[in-house]
Each structure stands twice: as structure tokens, then as C-alpha cells.
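Engineer: Take a look at the following structure, please.
Each reported figure results from applying straightforward, stated rules to the coordinates on display, with no laboratory input. Remember, it's a predicted structure, so these values are computed and weren't measured experimentally. Quick reminder, even Gly has a Cβ in these numbers, built from the backbone with ideal geometry, and neighbours come from all protein chains shown.
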Amino acid sequence: MAITSKFRKNSTHPLQRLLNYARRYRQQIWQATSFSIINTILDIAPPWLIGTAVDILVKQQDSIIGKLGIKNIVSQFLLLSFITVIIWIFESLSQYVYDRIWRNLAQNIQHALRLDTYNHVQELDSAYFEESSTGNLMSILNDDINQLEDFLNFGANDIIQISTSIIILTIGAFWILPPFITVAVLLPMPFIVWGSFAYQKRLETRYADVREKAGFLNARLANNLSGINTIKSFTAEEYENARLADESEAYRKSNSKAIKLSAAFIPLIRMLILVGFTALLFWGGMATYAGTISIGSYSVLLVLVQRLLWPLVNLGEIFDKYQRSMASANRVMNLLDAPINIIRGDIPLHITEVRGEIDFKQVTFAYYNREPVIKKLSLHIPSGKTIAIVGSTGSGKSTLVKLLLRFYDISSGTITVDGIDIQKLNLHDLRRSIGLVSQDVFLFHGTVAENIAYGTFDANDEQIIKAAKIAEAHDFIMRLPESYETIVGERGQKLSGGQRQRIAIARAVLKNPPILVLDEATSAVDNETEAAIQRSLEKITANRTTIAIAHRLSTIRNADRIYVMEYGELVESGTHEELLERNGIYANLWRVQSGVRSRSQNL
Ligand SMILES: Nc1ncnc2c1ncn2[C@@H]1O[C@H](COP(=O)(O)OP(=O)(O)OP(=O)(O)O)[C@@H](O)[C@H]1O
């Protein structure tokens, strides 16, 4: 598995990547662009109307409108007023339309992008999550996508309107003015455009750094909030304050660097515009005085330049927004492009037809950049039998389960279920066939009933209660304030460890999988709860292939076969009695545990 490829950066420009993504909204984008352009054209009309009004006053019967045959000054002004009203109405209408389309487009794109990215994240393998922090992923899924929304709301429209203005100004100036004045007016333009691009390039790296720092800050926050009890118990508040201050300071400094550059942009553009405006004011005035251009044209131009050149001042702000959103687009697109390394097979496995025969053949596996933790391991689990795996901590027991569920793919060897290589099986079918009660039970924020029905979403109340009874959870659930409707809190923190464990078992019972994996299902419980869980497990493991991983040997002594694992290899196997007779590692462990037990019971 080429893990390094996950973190490969895509060299395509983020705008191009965003446009490729937004292709499905092509129609909406064209509509919004058209209305933005129409609005800009209509927006240029007022200077023309002012020029025409001056023209009427100066030339009277010979004005532009006069030349149309309307000689009466009142009628000329009436017509001009009528045109003004019409233009105004259409300008307002077009503004309403483009604003609505752009803003809805921003909503649609951010919505689709968030769902697609989240969906993609769900498909990524466990190794990806180990290399990236939840807080950073959260900041991509939330902040970065919001940043894009912010740009799409107004930024795209602003860029289109300014570009249209520049084109119209250029055409208009060449049309009306003597060339030397036009050149003087337009002289700042290439500098503004070139300057903007040069600026943008430098801002790009600074904003990429800002987004990265935002990710680190978020990661720290997410980590601390989920470990708040540990912080409190170790009275590490001051320490964490300092650590957070460091991350926050790094974010502030990074922003400061970007601000230093971006804040200088507007004053610079303003100076360049000043050159053009002064040139027009002076030479245009001289040319009008000399009679080369009319007073009407001169006034149109002055207002036009004021209306068209000055908005360029906003260019700084727009480029700033653009650059910030491109830094975000890059992060979102990189996440969306992260390759899915667990390839789904296409052989279906119907849950009702699974026999549950599992075979590990010469399986070797190493975590990324680590030594192998499973070494040429072979294990046969007959259908319907219960096997147990015991062994010292870190020997690789949980890893075996993760490989069976394909959280990771093996380096060599094969794992089969009912004789079919799990890499060829439909991944969802494979996972649906396996019920996992893991070491650290995860409950979602919601009710007890919702948590039991997690994964069996169509279960009715009766089925949920039945499963809870089998898991010996019904009694304690009925004692909760709102029984099955009690909210368990985030990660189930309003319940005890043993209660969470029993809900997890009820969840597995309801799922009714042909293969059951119990990874330390009785780890966090007292003797009484263990006995209760043990009773329920006996019921649910009957006639179901079961893999039980345990540290407490008493919980697995009745297994059909027990395997002892050491450093990624199976070193002993047999029934409880056979292993005791063999007098090896298992027998030793048993003696230690039963000794400890009897002593602790005597105390
Ligand atoms: N995601 C991971 N990345 C790198 N190494 C890992 C990862 N998960 C586990 N390991 C390492 O793999 C080895 C086997 O871990 P595993 O969790 O399978 O042990 P275990 O036998 O289940 O231990 P325990 O009884 O304590 O739960 C350990 O040395 C552990 O440090």
C-alpha cells in the first residue's frame, strides 16, 4: 500500500480544481455571470445619462436626443428621465437576480462539497486518520468550506463586474477620447493587473500558512476538549493554557504576516489610479478647452473614470478574499483527492447465507513505517465455533480483528470468509456480517434506544428491548431517568463503563451477525457485571462464529479452542484443559490469574 501517496499534493491550481468540481453547476454559473455582466453594463448608464443631460443643456436642439428629432428641451428631458427609470428598474432587477443566483450557488456548492468531502473521509482507511488529526479534518470540513462559501457569495461576482468595467472603460475611452488621453487614463491598468498578480502569488503562500495554523489550532482544541477530564485530573490547566496560547499565537502571527502584505495593496492601487485620474482631469480638461472633445463627453468621462477606476481600489479586498478562499479550496480538494486505499471487492456476501468459516493463511502485516506485528500467522476458525485469543498486551490480538474487518489491508497472505478472499468481497457485506464489541465502546450522542439500534436502523421497540434483555442491560436501562429514551451524552459519558459495554453487546445482539468479535468485552467491569455479560455472551455466541479476545482467562475458558499469541505469532493452542496440561504460557497465565483472584477474594 503506497501510504505516501495519500499525502501527495496536487499541482493543479485550486481555482481549476474548484471549477472542475463546480462543473455540475455550469448552467447556474453561466446565468449568474450573464446577470452580473448585464448589471455592470446598466450600472455604467448613469454617467452617460449625466453626459446626455449636459449635452442637452449645451447643444439644445443639436444634442444627441435632438438629433433623433425631438427638438423641444422639455421633451428631451422627459425622454431622458424615462430612459433613466427603465435603466434603473432593469439594473435593480438584474442585481436581485445575480445576487440570488450567486448566493444560492455558494450555498449549493458548499453543501455538496461538505457532503462529498465527508463521504470521502468516511471511506478513507484507518491509517489516514492516524496521520491526520480530527481537529484539522474538522477545520477543513467546516472553516475551509465556509471560507469558500464566503468567496462565492460575493467574490466571484466582484471579479466579473470589475473585469467587465475595465473592458467597457477601455472601449469607451478609445471611442470618445483622443488616443494620447486614453493611453494616459489606461496607463495604470497594466500595472494594477500585474501588481495584483504579483501580490496574489506572495499572498498565496502566506494564506496557505494561515490555514495550516488554523488546522493546528483546531486540532489542539478538539484534543483538549475530548480530554478535558484528564486535564482536570492532572491539574494541567495552566500547561494546556500555555500550549493553546502557543498555537493561537502561531495563528495570530501567521495572519499578521498576511495582513502586512494585503493591507499595503489598496493604498498602492490607489496611487496608481491617481495617475490615471489626474491625467484625465488635466489633459481631458485641456482638450475640452481647446474644443477637441465636447463638454458632454468630458463630463461623461470624469464620472465614468470615477465610477470605473475607483472600484479597482476594491481589487485588493477581492484578491485578498480570493487568495484566502484558494488556500481553503486547496485543503478541501486535497482531502477530496486523498486516495481510498481499501479497494472494495465486488463479490456479494448475503448475511443470511454466511456460514462464518474464517481462515487466516500465512498473514503478515505491519503498520505504516513499523516492524511487522503479525508474522506469517495461520488460523482456522470453523463455522459456528467460538475461539479465544489470549496473550500479552501488544502481541497483536486487536490487530487481527482490524485486519478481518479490513480497517487495514494485509501485507502478505490471505484472509478468507467462507472460502472467499475478503479483499474480493463487497466491503459493506463483509462488515455487515461481523458484529464487533470492541475494547473502547463508542456511543453516539442520542438515546439509549438509538444507540442499541445503531446499525440496525429499522429495528422496532420490541426488538430493541429483546436485545437489551439478552445483553442483561434491560434492568439498568429501566432504572435510568427516561429508560430507553435517556440521552447518553457525547461518547456515552453519562453511563458507566459496564453500562456502555452492555449497550454495545445489545447492539451486536440486535445486529445478529453471523460472525461475532468480542475484543475484551468484559474489560471494564466488576465481577458481577462480568458474570452478567458472561451469561448473555453464552446465549449469543451459540451457533455463531465467535472470536473472543480476552485478558481475563476466566471469561474464555469454555471456548472451543484457545490460541495464545506472542509477538504476532500463535504459539500455543488447544482447549482450556489441554493447555493447562501442556503447562506452557497459558498454564502459567492461568496460575497467575487464578492466584491473584483467590488472593484478592480473600482480602
Ligand atoms: N495504529 C497503529 N499504528 C502503529 N502501531 C500500532 C497501531 N496499533 C497498534 N500498534 C502496535 O501494534 C502492536 C499490536 O497492537 P494490538 O493492539 O494488536 O495489541 P493487543 O494484543 O490487542 O494488545 P492489548 O492486549 O493491549 O489490547 C503493538 O505493539 C502496538 O503498539
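Engineer: Would you kindly state how much longer the chain becomes between residue 138 and residue 266 on full extension, computed as 0.36 nm times their sequence separation minus their alpha carbon distance, in nm to one decimal?
Structural biologist: Extra length from residue 138 to residue 266 when fully extended: 42.8 nm.
Engineer: Taking the Cα centre of the stretch 14-337 as the origin and placing charges on Cβ (Lys, Arg +1; Asp, Glu -1), which of 197, 291, 45 is farthest toward the positive end of the dipole?
Structural biologist: Highest projection toward the positive end goes to 291.
Engineer: Roughly how many whole Å is it from the C-alpha centroid of the stretch 435-456 to that of the stretch 330-364?
Structural biologist: Measuring centre to centre over Cα atoms gives 22 Å.
Engineer: Quick check: residue separation of residue 130 and residue 535 times 0.36 nm, minus the Cα distance between them. What number comes out in nm?
Structural biologist: Residue separation times 0.36 nm, minus the Cα-Cα distance, leaves 142.2 nm.
Engineer: Now for a different question. Rounded to the nearest 5, what is the percent of antiparallel bridges among the DSSP beta bridges in the chain?
Structural biologist: Just about 50 percent of them are antiparallel.
Engineer: Roughly how many whole Å is it from the C-alpha centroid of the stretch 552-572 to that of the stretch 225-240?
Structural biologist: 38
Engineer: Please compute, for the alpha-carbon atoms of the chain, the extent along each of the three principal axes and give them in descending order in Å.
Structural biologist: Dimensions of the chain along the principal axes of its Cα atoms: 120, 48, 46 Å.
Engineer: Using 0.36 nm per residue of separation minus the Cα-Cα distance, give me the extension gain between residue 241 and residue 583 in nm, one decimal.
Structural biologist: Between residue 241 and residue 583, full extension yields an extra 117.7 nm.
Engineer: Assuming a strict under-22 Å limit between Cα atoms, what lysine pair count do you get for the stretch 14-337 once near-sequence pairs (fewer than 8 apart, same chain) are dropped?
Structural biologist: Total qualifying Lys-Lys pairs in the stretch 14-337 comes to 14.
Engineer: So what is the relative contact order of the chain, in percent, for Cα pairs below 8 Å that sit 6 or more residues apart?
Structural biologist: For the chain, the relative contact order is 14 percent.
Engineer: Less than 11 Å Cβ to Cβ from residue 440, Lys/Arg counted +1 and Asp/Glu -1: what total charge do the surrounding residues give?
Structural biologist: My count for the surroundings of residue 440 gives 0.
Engineer: Now for a separate question. Using the Karplus curve 6.51 cos²θ - 1.76 cosθ + 1.60 with θ = phi - 60°, what ³J(HN,Hα) values do you get for each residue of the stretch 268-275, in whole Hz, with x for Gly and Pro?
Structural biologist: With coefficients 6.51, -1.76 and 1.60, one gets 5, 4, 4, 5, 5, 5, 4, 4 Hz.
Engineer: Hey, quick one: spin label on residue 292, modelled 7 Å out along Cα-Cβ, who in the stretch 188-229 has an amide N within reach, i.e. under 20 Å?
Structural biologist: 188-189
Engineer: Along the charge dipole of the stretch 313-402, Cβ charges K/R +1 and D/E -1, which of 314, 367, 393 sits furthest on the positive end?
Structural biologist: Highest projection toward the positive end goes to 393.
Engineer: Here is a further query. What does the highest-first list of 67-78, 127-138, 452-463, 227-238 look like by mean Cβ count within 10 Å?
Structural biologist: In decreasing order of mean packing, 67-78, 127-138, 452-463, 227-238 become 127-138, 452-463, 67-78, 227-238.
Engineer: Still on this structure, please answer the following. Can you give me the Rg/Rh ratio for the stretch 224-383, using Cα atoms for both radii and the Kirkwood formula for Rh?
Structural biologist: Rounded to two decimals, Rg over Rh is 1.36.
Engineer: Another question about this same structure. ³J(HN,Hα) across the stretch 340-345 via Karplus (A = 6.51, B = -1.76, C = 1.60, θ = phi - 60°), whole Hz, x for Gly/Pro?
Structural biologist: After applying 6.51 cos²θ - 1.76 cosθ + 1.60, I find 8, 8, 8, 7, 6, x Hz.
Engineer: Another question about this same structure. Consider a paramagnetic label point 7 Å from the Cα of residue 542 along Cα→Cβ; state which residues of the stretch 449-486 have an amide N under 16 Å from it.
Structural biologist: Only 467, 469-472 fall inside the zone, counting backbone N under 16 Å.
Engineer: On to the next question. If you average the C-alpha positions of the stretch 478-540 and of the stretch 157-219 separately, how far apart do those two centres end up, in angstrom?
Structural biologist: Value for the Cα centre distance between the two parts: 62 Å.
Engineer: Rounded to whole Å and sorted largest first, what semi-axes of the equivalent ellipsoid does the C-alpha gyration tensor of the stretch 14-337 yield via the square root of 5 times each eigenvalue?
Structural biologist: Largest first, the stretch 14-337 gives 52, 23, 15 Å.
Engineer: Output the Kirkwood hydrodynamic radius of the stretch 89-150, Cα pairs only, in Å rounded to one decimal.
Structural biologist: For the stretch 89-150, inverting the mean 1/r across all distinct Cα pairs yields 13.6 Å.
Engineer: What's the FRET efficiency of residue 61 with residue 344 using the Cβ-Cβ distance as r and R₀ = 56 Å, to the nearest 0.05?
Structural biologist: The pair residue 61/residue 344 has a calculated efficiency of 0.10.
Engineer: Nearest 10 degrees is fine. How inclined is helix 156-176 to the longest principal axis of the chain, computing both from alpha carbons?
Structural biologist: Between helix and principal axis, roughly 20 degrees.
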